[in-house]
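Visitor: Starting off with a structure, shown below.
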Amino acid sequence: MQSDRQLKRWYAKYNREFFDDKLPQDTVIYWCPSPGAHADTCPVFEVAAGVFEIKIDPAIQGITCFWRMILLHEMIHVALWPRHPKHQHGRLFIAEKDRIYALGALKKLW
């Protein structure tokens, strides 16, 4: 699977701005319908050691601020993957979310 160019551009931009370019460059990001959204599961997967795939539901493609927020959310999971239980939204996740919000991530959604 290849990345969607627009999603990949935003991933690279956010990686530079909020993650010091430390997230894997080879992460694949694409639009994929969600078969059933669950509050405890996020569509980010480690497909090989240190190689990630992020799926974003195309139903939100026309809502720019929302899919950008979802992308940032999934990027937090990638950033925390080695030291945080997969797909959880606990203390470490909240701290990382607060860190990027303090850097202005929410202001740059539009």
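The values are calculated or read from the model by the stated rules, or taken from the named source; none is laboratory data. In this text the structure is predicted, and so the values were computed from the model without any measurement. Note that we place each Cβ from the backbone using ideal geometry, even for glycine, and neighbour counts take in every protein chain shown.
Visitor: Confirm whether PHE52 is surrounded by 17 or more Cβ atoms within 10 Å (Cβ to Cβ) and at pLDDT below 95.
Guide: Values: surrounded by 17 or more Cβ atoms within 10 Å (Cβ to Cβ): yes; at pLDDT below 95: yes.
Spelling it out, PHE52 is indeed surrounded by 17 or more Cβ atoms within 10 Å (Cβ to Cβ) and at pLDDT below 95.
Visitor: Take ILE60 and decide whether it is under 12 Å from the mean Cα position of the chain (by Cα) and without any contact (Cβ under 8 Å) to a residue 24 or more places away in the chain.
Guide: Working: under 12 Å from the mean Cα position of the chain (by Cα): no; without any contact (Cβ under 8 Å) to a residue 24 or more places away in the chain: yes.
No; evaluated as a whole, the condition is false for this residue.
Visitor: Separate question: Given (1) surrounded by 14 or more Cβ atoms within 10 Å (Cβ to Cβ); (2) touching a helix residue (DSSP H, G or I) at 6+ places or on another chain (Cβ under 6 Å), where does MET69 come up short, assuming only one miss?
Guide: (2)
Visitor: Pairs please, first residue from the stretch 93-110 and under 14 Å from ASN15 (Cβ atoms), second anywhere and not in a helix (DSSP H, G or I), Cβ atoms under 9 Å, 6+ apart in sequence or on different chains.
Guide: Once the first residue is under 14 Å from ASN15 (Cβ atoms) and sits in the stretch 93-110, its partners that are not in a helix (DSSP H, G or I) give GLU96/HIS84.
Visitor: Can you tell which of GLU17, GLU46 is at pLDDT below 95, surrounded by 11 or more Cβ atoms within 10 Å (Cβ to Cβ) and not aromatic (Phe, Trp, Tyr)?
Guide: Details: GLU17 fails: at pLDDT below 95.
The conditions single out GLU46.
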